[in-house]
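Reading through the structure tokens given below for one structure.
Every read-out reported here was derived from the displayed coordinates using simple, explicitly stated rules and does not represent laboratory data. Every value quoted in this text rests on a predicted model; they were computed, and no experiment measured them. Counting neighbours? That spans all protein chains shown, and the Cβs are built from the backbone with ideal geometry, glycine included.
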Amino acid sequence: MTFSIVARSADGSTWGVAVASRFFAVGNAVPAAVAGVGAIATQAHVNVAYKGLALSHLDDGATAGVALQTLLDEDPGYLQRQVGIVDVDGQAASHTGSACQPWAGGVTGEGYAIQGNLLTGPEVIEAMEQAWRAAEDEPSLERRLIAALRAGDEAGGDSRGRQSAALLVVREEAGYDGEDDIVADLRVDDAALLPGGDPIAELARLLDLNDAHRAAWAAGEL
């Protein structure tokens, strides 16, 4: 029911998750990230406990692969789960259980994990990976994530249609006055009344507003 990308920036300073789905308020269930630790997307038959558990394992020094395997080993419902994790060093791991509804699958590379289920086909994941790689010179992780998400949607996305999308990006002391690590925490919970019913386009618009407010705050002009 969902497609997502979990990634770390090339300079190793920033982690994030972008996700879209024909599911209400997907941002409430799927993404989690901690600056200097890593990021995770948990989806399909979501186990929200994976978020805190995975980040705790990563914080204790586990690699993405070890953290993922620990989650699966401790969960009798692992065949219904889909998970992507990127750790502090940019190592990535992805799992698609055999009971996930087709089409379902994922791919990993240096600094990213891409996964989806109930998709129109493997072309969704392929398009996301191509867009991610094509944007390697983009300095903004959040915009690179949005580009990958948009490419997946244009390739077919969720086979049932569109409803929600979310973006979570963290970097140490990146929040207002350096009081937290939030670069962007944006959600479109229900796109039914939006033009074209397009939650990813709305997410991109919100990111523009987010960046404008952050710039104005930094300049003392908010």
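Computed quantities for the displayed model
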read-out: Net lengthening on full extension, residue 28/residue 160 (0.36 nm per residue, minus Cα-Cα); value: 45.6 nm
read-out: Net lengthening on full extension, residue 110/residue 192 (0.36 nm per residue, minus Cα-Cα); value: 25.9 nm
read-out: Global form of region 125-190, assessed from the alpha-carbon gyration tensor, a/c cut-off 1.5; value: oblate
read-out: 14 Å beta-carbon shell around residue 165, net charge (K/R +1, D/E -1); value: -4
read-out: Stretch gain in nm, segment residue 11-residue 172, where the contour uses 0.36 nm per residue and the Cα spacing is subtracted; value: 56.7 nm
read-out: Backbone N within region 24-54 under 19 Å of label point (7 Å from residue 98 Cα along the Cβ vector); value: 44-45
read-out: Segments 17-29, 92-104 sorted - mean Cβ within 10 Å per residue, highest first; value: 17-29, 92-104
read-out: Value of Rg to Rh for region 34-121 (Rh from inverse mean 1/r over Cα pairs, i.e. Kirkwood); value: 0.95
read-out: The chain: most fluctuating residue of 151, 49, 135 per GNM, C-alpha cutoff 10 Å; value: 49
read-out: Residue 79 versus residue 215: modelled label distance in nm, points set 7 Å from Cα along the beta carbon direction; value: 5.2
read-out: Cβ-based net charge around residue 155, under 10 Å, with every Lys or Arg adding one and every Asp or Glu removing one; value: -3
read-out: Dimensions (Å) - the chain, Cα atoms, principal axes, largest first; value: 52, 43, 29
read-out: Gaussian network model of the chain, Cα within-10 Å springs - most flexible of 74, 126, 154; value: 74
read-out: Over the chain: helical MRE at 222 nm, DSSP H runs n ≥ 4 each giving -39500 (n - 2.57), nearest 500; value: -10000 deg cm²/dmol
read-out: Sum of side-chain charges, residue 199 neighbourhood, beta-carbon under 12 Å (Lys, Arg +1; Asp, Glu -1); value: -1
read-out: Dipole in debye (nearest 20) - the chain, about Cα centre, beta carbon charges: Lys, Arg +1; Asp, Glu -1; value: 760
